[in-house]
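**Q** If you scroll down you'll find the structure; I have some questions about it.
The values are calculated or read from the model by the stated rules, or taken from the named source; none is laboratory data. This one's a predicted model, so the numbers in the text were calculated from it and none came from an experiment. Here the Cβ positions follow ideal geometry from the backbone for every residue, glycine too, while neighbour counts run over all protein chains shown. All accessible areas refer to the heavy atoms of the entire protein, side chains included, with ligands and DNA or RNA removed. Shrake-Rupley method; radii C 1.70, N 1.55, O 1.52, S 1.80 Å.
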Amino acid sequence: MARTLHPLDARDRGSLRRDRRGHRRDRRGRGLRSTLLPPGVPAANTRSESFDLVVLEAFAEIDAQWHDQLGNLDLAVDEIPRMLPRDPETVQWPDEVTADGPIPLARLLPAGIDTAGRPSKARIVLFRRPLESRADKGADLLDLVHEVLVQQVATHLGVDEDTIDPSP
């Protein structure tokens, strides 16, 4: 969950005043007079928010075809993988992990019981930084995320990847 931070720390807040028009004004020149970009502009999104939009766009086509079978599946994004192989030279990941050599790109967590004893859904966890470092922004990142999601959904459903996405 994203949290909103105030651009000035507590000691600088006292110097902010509002002028006649209601605009914020910084009399001592310690901060910005306004935001750099309006909130509705795509460039105002953080990297995490932009990546989340790419994931949702890449998953939309898969979800449209397999919605009934994917009702018990959640998507999650983590910054970095919290698992590393013991020996990077001879690493063999299980089917639930999509990796580029020794670096995991995504992981399928099966349904089970959480730490509080409640049942949990199966979850695909995509690792943002490894995926972003392997593709340029835009169409390349979208294609890579789509390919990883196809592999993970195929593993979750126990079918071939060509069944999920027959396009080459």
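**Q** Assess whether Pro102 counts as being in contact (Cβ under 8 Å) with a residue 12 or more places away in the chain and either over 15 Å from Ala76 (Cα atoms) or open to solvent by less than 20 Å² (accessible area, probe 1.4 Å) (or both). First the steps, then the outcome.
**A** Details: in contact (Cβ under 8 Å) with a residue 12 or more places away in the chain: yes; either over 15 Å from Ala76 (Cα atoms) or open to solvent by less than 20 Å² (accessible area, probe 1.4 Å) (or both): yes.
Spelling it out, Pro102 is indeed in contact (Cβ under 8 Å) with a residue 12 or more places away in the chain and either over 15 Å from Ala76 (Cα atoms) or open to solvent by less than 20 Å² (accessible area, probe 1.4 Å) (or both).
**Q** Right, here's the next one. Within region 47-84, can you find the residues that are in a loop (DSSP other than H, G, I, E, B), touching a Pro at 6+ places or on another chain (Cβ under 9 Å) and surrounded by fewer than 16 Cβ atoms within 10 Å (Cβ to Cβ)?
**A** Ile80, Met83, Leu84
**Q** Can you find even one residue in region 138-158 that is modelled with pLDDT of 90 or more, in contact with a strand residue (DSSP E or B) (Cβ under 8 Å, 6 or more places away or on another chain) and surrounded by fewer than 17 Cβ atoms within 10 Å (Cβ to Cβ)?
**A** no
**Q** Shifting gears a bit: As an exercise: evaluate Trp93 against (1) touching a strand residue (DSSP E or B) at 6+ places or on another chain (Cβ under 6 Å); (2) open to solvent by 50 Å² or more (accessible area, probe 1.4 Å); (3) within 19 Å of Glu161 (Cβ to Cβ); (4) at pLDDT 90 or above and give the number of the one condition it does not meet.
**A** (4)
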